[in-house]
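I have placed the structure first, in the form of structure tokens, so that the comments after it can refer back to it.
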Amino acid sequence: MKQLRYLLVLSLVGGTLSLSQSQDAPPSPWAEEAVRILVAKGVFIGYPDGSFRWREPMTRQEAALALYRLLAAYGLDRLSPEEVDRLLKGVEALQKDLEAQARSLAALKEEKEALETRVRELEAKPGADPEALEALRKEKDDLARRVQALEEALKVLEAAQKALEAKRLEENLKGTEASLKTLEERLKALEARPQADPKEVEALRRAQEELKGRLEALEKARSAQEEALRRLEEALKDLPEATRLAQEAQDRLQALEPRLQRAEEGLEALENRVRSLEERLKALEAAQAQDQARLKALEEEVAALKRALTPSRLPLHLGLALYQGDVQRDWHGRLFLGHDALIGPLGLRLAYEAPFAEPAQGLASLDLTFRASYGDLDGYFGVGGGLYLGGPSFGQLLVGAGFRLVPHLSLFLEGHQRYLFDSQASQRSTIAFGLALRL
């Protein structure tokens, strides 16, 4: 049996791996012995033209012919199930080995791809070594042959395993058919024995089956009735307690009805109050809208009154004032020209003042002013400085108020405080009155 299993595996693996690429090319050295044995045993007989084409791929039909010759030569179709199982175990062991070889096959493919990449790189480089290129090509071809051999071995092993499994299924089928045949023979023997009329027996069998069916139906109906009766008894057993609970619930419901009625009445009263409040709120909102309209009208009236009380004034004005000096007590006159709205309420005023006795011995000043008005009344404030003609310079503050007599003429009263820039830091104070004309 060991020899038989060896021949089976050897024929399957070696036969496929020995096929090659050229019609007249001999088999590779590593498969030469297997090829010789299989040809001698008649597993491979070659093509009609006398060639074997060892380096060409094997088709399914060629593999089927080789397996058929192997089965015919060694009687593999008469193997017992135990022998088939042992052969399958051997094939499984070989398959485990070939799985490891499959992993090696993947590594060989990667190595082959790397070699092809190296060959392409070397061929692309100018001045590459021809001997190195040839060595790499040989190594690549050797790897390609090894890869092809492993792939074909895996395919043939698959085919062998499927053939043995088919054999085992065939044996199982034969055993089943034999058992069925035996049963049929026993049945025929029983029918051949002398017995009652088969028709009567068959009628009795049918009647028996019908009675069995009716009995099963009655048993199911009886079980269903017993279950319904049990549930009814349990319901009747709890009936007094359920009646008592229902009566208690009815009493509690009757006791709650007055409270529910009062709650409904209170809810209705609350709804009425809410409706009343909503109506009052709407009235208040309407009154608020009226008040807002009146307030807006009042604001417009106030604005109009302000405009009436604070009439517009021309910013440019010319003024003349009189005052008495604080040192010699002689009378002076002051003439000024100003604009009090250059930037908002800010303005400038240029003035010249001198004693009436000596008009040439006066002073000139320039002030920055701020004016505020209310109705016909004006108030203003100023800060600036000036120069005495033939004397020291000074800084001054002024504050004044005016009253409009007619639209463009007003009477004013103002005071000055001057600080002289001399060695004594003298001060001068004056109070003047006069008229100003708006231009």
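Any read-out appearing in this document is the output of simple, stated calculations on the displayed coordinates, not a laboratory observation. The shown structure was predicted, so the numbers you read here are calculated from the model rather than taken from an experiment. Here the Cβ is made from the backbone with ideal geometry for all residues, glycine too, and neighbour counts use every protein chain on show.
Worth pointing out:
- Taking amide H as placed 1.01 Å from N in the peptide plane, the amide H of Gly385 sits under 5 Å from that of Leu366, Gln396, each at least 5 places away or on another chain.
- Per-residue extension of 0.36 nm, minus the Cα-Cα distance of Ala293 and Leu277, leaves a gain of 3.4 nm for this segment.
- For segment 316-438, the Cα gyration tensor yields ellipsoid semi-axes of 25, 16, 12 Å (square root of five times each eigenvalue, largest first, whole Å).
- Mean Cβ count within 10 Å, highest first, over the residues of peptides 268-276, 353-361, 39-47, 408-416: 408-416, 39-47, 353-361, 268-276
- Stretchable slack from Asp376 to Leu350, in nm (0.36 nm times residue separation minus alpha-carbon distance): 7.0 nm
- Less than 5 angstrom separates the built amide H of Gly333 from those of Ala354, Phe356, all sequence-distant by 5 or more or on a different chain.
- Cα gyration tensor, segment 362-429 - rounded (a/c under 1.5), prolate or oblate: prolate
- Derived scalar couplings between HN and Hα for segment 363-378 equal 9, 10, 9, 9, 10, 9, 10, 9, 10, 10, 10, 8, x, 8, 9, 10 Hz in order, rounded to whole Hz, by the Karplus curve 6.51 cos²θ - 1.76 cosθ + 1.60 (θ = phi - 60°), x for Gly and Pro.
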